[in-house]
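What follows is a single structure, written as structure tokens, with notes after it.
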Amino acid sequence: MNVKFLDLSRIHEPLKAEFMKEIENIITTNNYILGNKVEEFENNFAKFHETAYGIGVDSGTSALELSLKALGIGEGDEVIVPANTFIATASAVVFAQAKPVFVDCDENYNINTKNIEKHITKKTKAIIPVHLYGQPADMDEIIKIAKKHDLKIVEDCCQAHGAKYNNKKIGSFGDLACFSFYPGKNLGGFGDGGIILTNSKELSEKLKMLRNYGQSKKYHHDFFGYNRRLDNLQATVLNIKLKHLDKWNEQRRNIAAIYKENLKNMAGIVLPNESQNKKSVYHLFVVRVKNGKREDLMNFLKEKGVDTGLHYPIPIHLQKSYSNLNHKEGDFNKAEEYGKEILSLPIFPGMKNEEVEYVCDKIKEFYIR
């Protein structure tokens, strides 16, 4: 048996006729950029996440950068960022001309809230909690810290479409929330795309101008803005797929439950833990392989036809592009330890139970050889 890490065809094939009909309509109407489908999707996605406004942009990275700029964060400012996340979270801070200040992760891979306050200075203006792998961060503590120090919160929800914290959708806790629609996300387009959610009308209007050359109306540029717009094609695809997101997320949770049940007694494998007040959407199913056996297990699974992934083997503070911050090994122990152990197993809507069980059987086979 061959098990792909992600098979998008199982999502797209059943919807192909609907996609083609809507795409043909776009071609017929020649309505490509910030069209009616973008506005429709912005409203639908905001409603899905229980927020008032959605601002479609060209990527999750742009969503983060423009959010910081809309909040007035820039040169000389600092932003708290987890060391264990995809590099785009920190890069967006740099693009906004601010400084990312890293904080180590907890046992659930998200920012360790117990370590945040010691990194706060007079220059700190915001916290970016990342709901990594689809697992919500500890928002109660983050909100408490933000209020105490008068900080803004920009949620990085790029891997957590539809996840819940205290039975409330993530994306509705911060001042702004950012999502990515990269094709492999729980809700993905046919290319790059992103959105910013907010309950602030003022921020919503500012962001709509920031993404479109600073225009208040055509050819009236009130400030310097960018070309960061979501296109009508991506919005059309996302509108179709949004109707299925809850179902697809439940499929991911069911797959995760099979993995957990089959691997729960495996010595040397640390399974993801889900707190009662959190509902993960398992964008990734990440285990930790102890005792230096990760590469051996990866290679064994590959030989048996199972694709795996690594998210993320090198923490941001050890990346060459951030060498100017003068971090070294040992600065963020958990992120570094986990970076050597994490292994992402296949998980996607349409994955068959027998495929999940096959992956589990091969992991067991590896350990009893």
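The values are calculated or read from the model by the stated rules, or taken from the named source; none is laboratory data. Small disclaimer: the values here were computed from a predicted structure and weren't measured. Cβ: placed from backbone, ideal geometry, glycine included. Neighbour counts: every protein chain shown.
For residues in the range 122-161 being among the acidic types (D, E) and closer than 20 Å to H49 by Cβ, which is surrounded by the most Cβ atoms within 10 Å (Cβ to Cβ)?
In this case the residue turns out to be D156.
Being more than 30 Å from N333 (Cα to Cα) and within 17 Å of the chain's Cα centre (by Cα) is the requirement here; does S91 meet it?
Against the criterion (more than 30 Å from N333 (Cα to Cα) and within 17 Å of the chain's Cα centre (by Cα)), S91 does not qualify.
Pairs please, first residue from the range 317-342 and closer than 19 Å to I111 by Cα, second anywhere and among the hydroxyl-bearing types (S, T, Y) and surrounded by 11 or more Cβ atoms within 10 Å (Cβ to Cβ), Cβ atoms under 7 Å, 6+ apart in sequence or on different chains.
Every condition considered, the pairs that remain are Y338/Y109; G339/Y312.
Could you list, in sequence order, the residues of the range 109-121 that are loosely packed, with under 15 Cβ neighbours inside 10 Å and assigned to a helix (DSSP H, G or I)?
K114, E117, K118
Answer yes or no: is there a residue in the range 297-310 that is out of contact with any Asp or Glu (no Cβ under 7 Å at 6 or more places or on another chain), more than 26 Å from D7 (Cβ to Cβ) and in contact (Cβ under 8 Å) with a residue 24 or more places away in the chain.
Checking the range 297-310: not a single residue is out of contact with any Asp or Glu (no Cβ under 7 Å at 6 or more places or on another chain), more than 26 Å from D7 (Cβ to Cβ) and in contact (Cβ under 8 Å) with a residue 24 or more places away in the chain.
Which one of R253, R229 is within 30 Å of L210 (Cβ to Cβ) and under 20 Å from the mean Cα position of the chain (by Cα)?
Unique residue meeting the criteria: R229.
Within the bounds of the range 209-231, is there any residue that is of a type in the set (S, T, Y) and loosely packed, with under 15 Cβ neighbours inside 10 Å?
For the range 209-231, residues of a type in the set (S, T, Y) and loosely packed, with under 15 Cβ neighbours inside 10 Å: present.
Would you check if I314 is surrounded by 13 or more Cβ atoms within 10 Å (Cβ to Cβ), free of Cβ contacts under 8 Å to residues at least 40 places away in the same chain and in a loop (DSSP other than H, G, I, E, B)?
When the stated conditions are applied, I314 passes them.
Is one or more of the residues making up the range 226-239 among the charged types (D, E, K, R), in contact with a strand residue (DSSP E or B) (Cβ under 6 Å, 6 or more places away or on another chain) and not in a strand (DSSP E or B)?
The answer is yes; a qualifying residue exists.
Cβ contacts < 6 Å: first residue closer than 15 Å to V81 by Cα, restricted to the range 143-154; second residue in a strand (DSSP E or B), any location; separation 6+ or different chain. Result?
Between residues of the range 143-154 that are closer than 15 Å to V81 by Cα and residues that are in a strand (DSSP E or B), the close pairs are A146/I127; A146/I153; L151/A126; L151/I127; K152/A126; I153/I127; V154/A126; V154/L176.
I need a count of the residues in the range 165-183 that are assigned to a strand (DSSP E or B) and crowded, with 18+ Cβ neighbours inside 10 Å.
Of the residues in the range 165-183, 7 are assigned to a strand (DSSP E or B) and crowded, with 18+ Cβ neighbours inside 10 Å.
Which one of Y219, Y182 is over 16 Å from the mean Cα position of the chain (by Cα) and not polar (S, T, N, Q)?
Result: Y219 is the single residue among Y219, Y182 that is over 16 Å from the mean Cα position of the chain (by Cα) and not polar (S, T, N, Q).
For V93, indicate whether it is without any contact (Cβ under 8 Å) to a residue 60 or more places away in the chain and in contact with a Pro (Cβ under 7 Å, 6 or more places away or on another chain).
Yes, satisfied.
Check the range 338-349 and report whether any residue there is of a type in the set (D, E, K, R) and either part of a loop (DSSP other than H, G, I, E, B) or touching a Lys or Arg at 6+ places or on another chain (Cβ under 9 Å) (or both).
So far as the range 338-349 goes, yes, one or more of its residues are of a type in the set (D, E, K, R) and either part of a loop (DSSP other than H, G, I, E, B) or touching a Lys or Arg at 6+ places or on another chain (Cβ under 9 Å) (or both).
Whether any residue in the range 251-265 is modelled with pLDDT under 95 and in a loop (DSSP other than H, G, I, E, B) is what I want to check.
yes
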